[in-house]
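All remarks here apply to the structure that follows.
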Amino acid sequence: MAAPVNRKNVDKKAKYDRQLRLWGDHGQALLENAKICLINASATGTEILKNLILPGIGSFTIIDGNKVKGEDVGNNFFLTQDSIGKSRAQVATELLLELNNDVTGNAVEESPEQILENNPEYLKSFTIVIVTSLVERTLLDLSSILYAADIPLLVCRSYGMIGYMRLVVKEHTVIESQPDNAHEDLRLDKPLAGLVEYAHSLDLEAMTKQEHMHTPYLVLLYKFLEKWKEMHNGQVPKNYKEKTSFKDLLRSGIRKNEHGVPEDEENFDEAIMAVNTALNPSKIPSEVQGIIDDPACTNLSSESSSFWIMAQALKQFIANEGNGMLPLRGAIPDMTADSKRYIQLQNIYKEQARTDCIAVTSRVQQILTSLGKASDTIQDNEIKLFCKNSAFLRVIRCRSLTQEYSPDSAATQEISMNFENPDSEIYWYIMLRAADKFYSQYSYFPGTYDDQVDSDSVKLKSCVCSILQELTLGALPKEDYIQELCRYGACELHSVASFMGGVAAQEVIKIVTNQFVPFNNTYLYNAMTTTSATFQL
Amino acid sequence: MAASVRGILPDDTAEMVSACKVLVVGAGGIGCELLKNLVLTGFNDIVVIDLDTIDVSNLNRQFLFQKKHVGQSKSQVAKESALRFNPNVKIEAKHDSIMNPDYSVDFFRQFTLVMNALDNRAARNHVNRMCLAADIPLVESGTAGYLGQVTVIKKSVTECYECQPKPTQKTFPGCTIRNTPSEPVHCIVWAKHLYNQLFGEEDPDQDVSPDTADPEAAGDAGIAALEGKSNNVDAGGIARTSTREWAASTDYNSEKLFRKLFYDDIKYLLSMDKLWKKRAAPIPLNWDLLPPEEPSSTTNSNGDIKDQRIWDVRECVEKFTDSLAKLKKQYRDQGDLVWDKDDSASMDFVTAVANIRAQIFGIARKSRFKIKSMAGNIIPAIATTNAVIAGLIIMEALKILSGHLDTCKTVYLNKHPTARKKLLVPCFLDKPNPKCYVCSSKPEVTVQVNCATFTVKMLEEKVLKAYLGMVAPDVEVDDGKGTILISSDEGETEENNDKCLADFAIRHSSRLKADDFLQNYSLILNIDQCNIFDDDVDFKVVGEKPRPISETEATSSKVTEKGESSSQSTSQSSTVVDDEDDIMVVVDEGQETSVSKKRKLSEDDDTKSAKKSKVTSQTRNGDDDTLIIDP
């Protein structure tokens, strides 16, 4: 009878069904193994955690030395009126745990400063650290420890109507970047031997009407391309004009009925439609070229990650078996065809992809051995995934906060470039930096006390000026920014926190699942204008 | 409460927030987030309505619900959970459909603001009309996977939800699938559910037996009918055990399965007679008396194009038997199966089952090839997108309350970077489409039908309810005599149902006046006689204006197509300033796609990427992209 079913897994599958469709079982497994640390259970902080606990991270830890205050309860869904005076870490942890029984969580009732002082090693045990409402000095200390330890750090903040997010990760490698506009990997400009042989075995002229109209368009493209090449010195159509005449050539292949009227042949329509994309020359994308030329790839050591070992194997493959090409992806698009010929065609591509993958695998094994590692250190399915996605590999390297904050290495050019646009969100970056400077001088944020707004705005203005000076920038386009920021009084607006919680959690999921490309490196959201932008700072 | 808001919002707006009464329609993905945001922004008086109950697959994002709540009312549990976190707010929960006639225009008038958090087109259309009728501002929203959208609708100021045509919807209510399929895709979805019930992971949401809780059947069909029937079945007690256990107990005997699924269950459906008052009743298929083999013109001896040929019923039954045996073996060897369109037995099974069911319900059968492409696209759904969208809804709501409707925007959440690295694309709200068949002052549409074959019932179900979104229409022929064609009062015009339009002297250029009193909505239908339609359609709603009278019916479709496009371009020229307007496609949580041309807010143009979103949101399985903020 039927194999016994693991009840818990069935439940999980049902619960996570809608998201498994986005990142798959392997992405979910990584998520379920992730240990997430949140520093400070602010509204933004708990909103981020909520969005990570629901899809099922492994565990979370909240580090927060604060007690719950009245104003916390007003904007934080995970703190209650009766919890005022209790540990914020403790209360938020308890309420957040109710969201998902498969997630474990614990509270550390210590300030981040204490942790940094007494036990900085503790922070290195997490998959990623998320920080909200941390003073600048502590943030810089924390980030340099994590940066050195290669632990990703996400800084997130809701300040009045402004949202801010900064990713700090030394290096993040992505195999499944999942671009949504990828072309098919058909290699019509360098046809597979199998395709050539197969296409020659088919004679369009001799086919019955049914066979003719169900010949896969890939075969049609190949055959007419051969014809075209004969007429054009072996060249394939390259520009718009040539592609247009190539389409006409294809159109001439449509059979006509006894009255000379062209038959309705969908496969030809598909072939004509595919001309624009299917004839793109097969080449190595510049990002991938950059990866195989990267020193991390060319100078492997026993410390090198699987990604770079596989990248080295890929480089060798391209130079040898691949004849300058990436391993074949092996999938063909759906097309009007009879099953028999579609499957034959599919098998040709699958088989080549398999052969390529075997070649890469044996190179991976050689490299592993030469590095003194067991040749099965990297699993076959991982190599297969790597080959299949070899055109989409990505590496993200974010600058450190130290680099960003010290005037010598600040991204002045990026900032001044954006200064040219008077509506740029970059001004809010300057304002937030100024608010932090204000805080470091006066130990409160501008506008916190209603009766000091006017004097605060004068002080804030001087903070803005000194930041602008540090970055050798001109003045702000309008004074309004200063008044506006004072008005915010550093308060967290729940709907901004909710927005940032969604965006930030999504970035965490990208990092944890190693899928999709995270932002690099600063994101600003303006709730007044509902606009947002990214900057590399 | 929400002290922080007071500092940031002008005092009078903050006052409005705490004094106003708002309606949240839907307590699902967006609804949960929205309810939380409302409470924490200082809203004090909230009514939330949802007819749904909680399902396991909601728990990955609808955070007000927990495992223990599965099966309970969404609105009720959402209210209780939100109150537990913040007891000082007044929340009223209604476990009901917003389309229930109890929720009249007067009901809507008690609110300052209505916020939609819905998952289906029908309800969106309805709320749109109710808000127009009550002249209450509406914040409309939707999410799908990583995509989302928020917009504001205000009578006479902005476009309404129906100002631009929307493509047809792709998800279906459970009772449509289980009781009243009317399209091939309904049968395909049912077939996949059956597959999972028998061999896959059992999902209580994918029940394939008749749904006795169908609100339309109003439960009067009588359980007795079922009991009586199932006692006659030799397996006995079908209703008591799960479909899989029962199937296993028969050793997946294809004849027994067939008798239950396609005879007994259909008989039972027939006993729910309310369902068939205005619909063609299904015809149970008898295993021993299958329709004769159809001489097929497209069969060719090589069998080369077998995928594109439509199997006749006998062939479907053969395939059903064969694939059942294969799947039984696979299931015994490897446990739970996952439906895969590329697995031959799985695909055969779904094709055969879908077509047998289609036959029973008088729906066109489809080729295996077509079914493969139609089968299965569930729109993914995650917490993060809903959180983002709910945050944006509040921002728009605050702008409305502060009297700054002019600053409200339609905001699109992209899933990939735009050329300018923008995640959010805000667009100006468009002016109402003066030719909108809903919100213009004297709305009219042109309906192409063949009056000689199109029945009154088809007019009511397919055109007025399904396509034009009316709930309880009254229709009168504008013939000087005021002939009543359809009355919303039960039983009054039932005898007209099966008559054709021509029987009422309705012909080309006839005008029908349709009224929906609940929606406070009336519409003139201009009839355009047309004899030739594309596959699978028997009517077409085209441009707003009636086409000029033409003698040649055969060319009518071309003429109106031209008319349609020209009317569209006029309606757009009033709102679109530059030529570089983008085409945005955003899919709602309920798999609904809306295409509209929008004027971008900023001058910078992300034309390329916006267009990309159109391509990618169509039908991609499992390899969706994410909120990539930076390439």
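Things to note:
- Partner shielding of B:84-90 amounts to 3, given as the average count of beta-carbon atoms from other chains within 10 Å of each residue beta-carbon.
- Environment charge at residue A:471 (Cβ cut-off 13 Å; Lys +1, Arg +1, Asp -1, Glu -1): -2
- Charge-dipole axis of the stretch B:1-153 as Lys and Arg at +1 and Asp and Glu at -1 on Cβ define it, positive-most pick from B:95, B:56, B:73: B:56
- Computing FRET efficiency as 1/(1 + (r/R0)^6) for residue B:157 and residue B:18, where r is the C-beta to C-beta distance and R0 is 30 Å, gives about 0.75.
- Distribution of pairwise C-alpha distances over the stretch B:91-183, 10 Å bins, in %: 14, 44, 32, 10, 0
- Per-bin percent of Cα-Cα distances, the stretch B:1-80 [10 Å]: 19, 43, 25, 11, 1
- Ordering of A:281-291, B:459-469 by burial proxy (mean other Cβ atoms within 10 Å per residue, highest first): B:459-469, A:281-291
- Diffusion of the stretch A:212-306 by Stokes-Einstein, at 10 °C in a medium of 1.306 mPa s and with Rh set to the Kirkwood radius over alpha-carbon pairs, works out to 98 µm²/s.
- For residue A:384, net neighbour charge (Lys/Arg +1, Asp/Glu -1) across residues whose Cβ lies under 13 Å away: 0
- The simple spin-label model puts a point 7 Å past each Cα toward its Cβ; for residue B:67 and residue B:406 those points are separated by 5.5 nm.
- Size estimate for the stretch A:23-180 follows the Kirkwood approach: the inverse of mean 1/r over distinct Cα pairs works out to 16.2 Å.
- Under 18 Å of direct C-alpha separation, and excluding same-chain neighbours fewer than eight residues apart, residue B:540 reaches these aspartates and glutamates: B:162, B:183, B:444, B:460, B:461, B:528, B:553, B:561, B:564.
- Seen against the Cα atoms of chain A and their longest principal axis, helix A:217-231 is set at about 70 degrees.
- Straightening the chain between residue A:193 and residue A:117 buys 20.9 nm, computed as 0.36 nm per residue apart minus the Cα-Cα spacing.
- Distance between the pseudo-spin-label points of residue A:200 and residue A:458 (7 Å out from Cα toward the beta carbon): 9.0 nm.
- The relative contact order of the stretch A:76-222, computed from alpha carbon pairs under 8 Å that lie at least 6 residues apart in sequence, is 12 percent.
- Sorted fewest first by neighbouring Cβ atoms within 10 angstrom, A:335, A:325, A:500, B:395 come out as A:325, A:335, B:395, A:500.
- For A:19-26, mean number of other protein chain Cβ atoms within 10 Å: 5
- Computed over all pairs of different Cα atoms, the Kirkwood value for the hydrodynamic radius of the stretch A:96-142 is 12.5 Å.
- Taking Cβ atoms as reference points and 14 Å as the exclusive limit, the residues near residue B:89 contribute a net charge of +2, counting Lys and Arg as +1 and Asp and Glu as -1.
- Between helix A:494-513 and chain A there is an angle of about 50 degrees, using the helix long axis and the longest principal axis of the Cα atoms.
- Over all directions, the projected convex hull of the C-alpha atoms in the stretch B:445-544 averages 6.0 nm² in area.
- Contact order relative to length of the stretch A:207-271, as percent, for alpha carbon pairs under 8 angstrom and 6 or more apart: 41 percent
- For the stretch A:380-411, the list of chymotrypsin sites (Phe, Trp or Tyr not before Pro) that fall in a loop by DSSP and count at most 16 other C-beta atoms within 10 angstrom is empty.
- Cα-Cα over 18 Å, subset of A:243/A:388; B:192/B:372; B:462/B:499: A:243/A:388
- Dipole size of the stretch A:235-352 about its Cα centre, with +1 on Lys/Arg Cβ and -1 on Asp/Glu Cβ: approximately 300 debye, rounded to the nearest 20.
- Relative contact order for the stretch A:416-501, counting Cα pairs under 8 Å that sit 6 or more residues apart, in percent: 33 percent
- Take each residue of peptide A:488-494, count the partner chain Cβ atoms within 10 Å of its Cβ, and average: the result is 6.
- Using only side-chain charges placed at the Cβ, +1 for Lys and Arg and -1 for Asp and Glu, the dipole size of the stretch B:436-486 relative to its Cα centre rounds to 140 debye.
- Selection from A:55, A:273, A:485, by position along the positive dipole direction of chain A (Cβ): A:273
- Shape summary of the stretch A:256-323, radius of gyration then Dmax from alpha carbon positions: 22.1, 73 Å.
- About its Cα centre, the dipole of the stretch B:14-150 is roughly 300 debye, where the only charges are +1 on Lys and Arg Cβ and -1 on Asp and Glu Cβ.
Readers should treat all values here as calculations from the given coordinates under stated rules, not as data from a laboratory. Just so you know, these numbers come straight off a predicted model, no measurement behind them. Heads up, the Cβs are rebuilt from the backbone with ideal geometry, glycines too, and the neighbour counts pull from every protein chain shown.
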